[in-house]
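Scroll down for the structure; my scribbles are underneath it.
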Amino acid sequence: MSARPVAVVTDSTHYLPRDLVTERGIRIVSLYVNQDGVTTRESDLPDFDAFYDGLRTSAALPTTSQPSIGDFAAVYGPLAESGHDIVSVHISGGLSGTVEAARQAAAEVPGPCHVEIVDSQTCAGGLAMIVLAAQAAADAGAGVEEVASRAHAAREAMKIWFCVDTLEFFQRGGRIGRAQAWIGGALSIKPILSFRDGVLEPIERVRTRRRAVERMLAHLRDRRDDGAGAWVVQHIQSPDVAAALVEGGREIFGCEPLIVTEVGPVLGTYAGPGMLGVGGIPRELVGG
């Protein structure tokens, strides 16, 4: 057992249910979104409908920004003072400077507090699964290095796919990664993407939403066959299609998903309405 309790910190791009975050004691450092000249912490937005309504109709793409070093210090400081060590798990450094800001803030934490920074090399549901794995280890009394090791193990074992209606938003936002080669011929297709080495990795292209759902369910079957026992579904403004993925996932896994949530504005700025995401991870890594 660790002599010092471990607090798990993450950013706002996991999109875990807010009541679950509170229940598990996960601390959040929020990213920011600027729409129509108004900058807001993503974690302060009560719901996402108004944001996505604006995204559909505005000629100018909203902008997003990472937390400041001071934002991290405001969370790390009280935890250090209360005797905690910290494992801080964040959105891929290939997408955001958030993890680098966390590293800089961690270097300034005084005293015996040990801070481990983990680049998830993913985001959204992938980040959510890694955070839950880290929190499960912390809840079991693991020390800071063991909690960080669990997060790294989850990063290696977790796989997530997501499908977008168009690559337009990724391209406009400069987050296109290796899917750049699909630009130009992608207007009539729905790209399925994943992450490799922390950047977007193209998987395949389909032409209809129905085919996208079929391929996402096939991915969940592959995850089950690879030993995953826990799974997630996320979406942007597509609750009915997400419900179909949940129904299919229940048949595949024989259990309820870890989470079914909507992805928020920071990632939604680049993925756009209509995004679907599914992923899986070994049950023993996330507990339960």
Considering only region 121-144, I want to know if a residue exists there that is more than 20 Å from L16 (Cβ to Cβ), in contact (Cβ under 8 Å) with a residue 24 or more places away in the chain, of a type in the set (G, A, S) and crowded, with 24+ Cβ neighbours inside 10 Å. no
Out of region 13-39, which residues are touching a Gly at 6+ places or on another chain (Cβ under 7 Å) and surrounded by 15 or more Cβ atoms within 10 Å (Cβ to Cβ)? Y15, Q35
Residues of region 204-225 satisfying the condition of being surrounded by fewer than 16 Cβ atoms within 10 Å (Cβ to Cβ) and closer than 13 Å to I160 by Cβ: D222
Which condition number in (1) within 25 Å of H90 (Cα to Cα); (2) surrounded by fewer than 16 Cβ atoms within 10 Å (Cβ to Cβ); (3) modelled with pLDDT of 95 or more is the one that E201 fails? (3)
Out of everything in region 258-288 that is of a type outside the set (K, R), modelled with pLDDT of 95 or more and in contact with a Gly (Cβ under 6 Å, 6 or more places away or on another chain), what residue ends up being nearest to T40 (Cα to Cα)? G277
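The values are calculated or read from the model by the stated rules, or taken from the named source; none is laboratory data. Predicted model, so just to flag it, every value in this text is computed and none were measured. Note: ideal-geometry Cβ built from the backbone for every residue, glycine included; neighbour counts use all protein chains shown.
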